[in-house]
Amino acid sequence: MLNSRLAAPVAALLVPLLLYGGALVSQFGFGLYPCEMCHWQRWPHQAAIVLALLALLLRANDRAMRVLTLLAALAIAISGLIGIFHAGVEYGWWEGLTTCSTSQSGPVTLDSIMAAPLIRCDVPQWTLAGVSLAGFNAIFSLAGAGLVLTLLRRGRTMAA
């Protein structure tokens, strides 16, 4: 599969699916509510999933598949860059958001505001060996984007 021309778009689908899925499991399975910058990191993964699915659907058109896969890799890398920014805020290297945010959506009432958890972007909810979820997203997203680009390049040289 790694030598196939479909390896890059499949990787471009699996990387954000796994990372976005992990974010959802941490939120709904372990109660780690996302802050505003956590949501920012999810949007490029959602875009990458759509782009990779389109690439696979349009696999008969090699050029379209390659362009969509490249755009998916770019979206994955953007999530990683946002993760670097978020981790920097958590480590105090630079200032992030100056306002608080909640995970509240829909109609907002005073009761819903008071019941919603206050999630700060500058305080990690969980770390492993000093690396927060934002840091792990940065590491895995940038590595995943690199993998997709490597597979895309390998697929081009094999086709030539």
Item to complete: Looking for whichever is free of Cβ contacts under 8 Å to residues at least 24 places away in the same chain, assigned to a helix (DSSP H, G or I) and either of a type in the set (Asp, Glu) or open to solvent by 60 Å² or more (accessible area, probe 1.4 Å) (or both) here; the options are Leu81, Leu70, Leu14. Which one fits?
Response: Leu14
Worksheet item: Does Pro44 satisfy the criteria of being out of contact with any His (no Cβ under 8 Å at 6 or more places or on another chain), within 13 Å of Ser79 (Cβ to Cβ), in a helix (DSSP H, G or I) and open to solvent by less than 30 Å² (accessible area, probe 1.4 Å)?
Response: yes
Worksheet item: Of the residues Ser79, Ser132, Ser101, which single one is among the polar types (S, T, N, Q), within 18 Å of Gly22 (Cβ to Cβ) and either modelled with pLDDT of 95 or more or touching a Cys at 6+ places or on another chain (Cβ under 9 Å) (or both)?
Response: Ser79
Discussion item. Where the second residue is among the polar types (S, T, N, Q) and modelled with pLDDT under 95 and the first is in a helix (DSSP H, G or I) and surrounded by fewer than 23 Cβ atoms within 10 Å (Cβ to Cβ) and lies in the stretch 132-147, which pairs have Cβ atoms under 9 Å and are six or more apart or on separate chains?
Written reply: Gly135/Thr127
Worksheet entry | Of the criteria (1) farther than 26 Å from Leu6 by Cβ; (2) among the β-branched types (Val, Ile, Thr); (3) surrounded by 15 or more Cβ atoms within 10 Å (Cβ to Cβ), which one Val25 fails | (3)
Worksheet entry | For Glu36: the one exception among (1) open to solvent by less than 20 Å² (accessible area, probe 1.4 Å); (2) touching a residue at least 40 places away in the same chain (Cβ under 8 Å) | (1)
Worksheet item: How many of the residues making up the stretch 24-41 are in contact with a Pro (Cβ under 7 Å, 6 or more places away or on another chain) and assigned to a helix (DSSP H, G or I)?
Response: 1
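The values are calculated or read from the model by the stated rules, or taken from the named source; none is laboratory data. Because the structure is predicted, anything quoted here is derived from the model rather than measured. Methodologically, a virtual Cβ is constructed for each residue, glycine included, from the backbone with ideal geometry; neighbour enumeration extends over all protein chains shown. We work out accessible area using only protein heavy atoms, side chains counted, and drop any ligands, DNA or RNA first. Shrake-Rupley method; radii C 1.70, N 1.55, O 1.52, S 1.80 Å.
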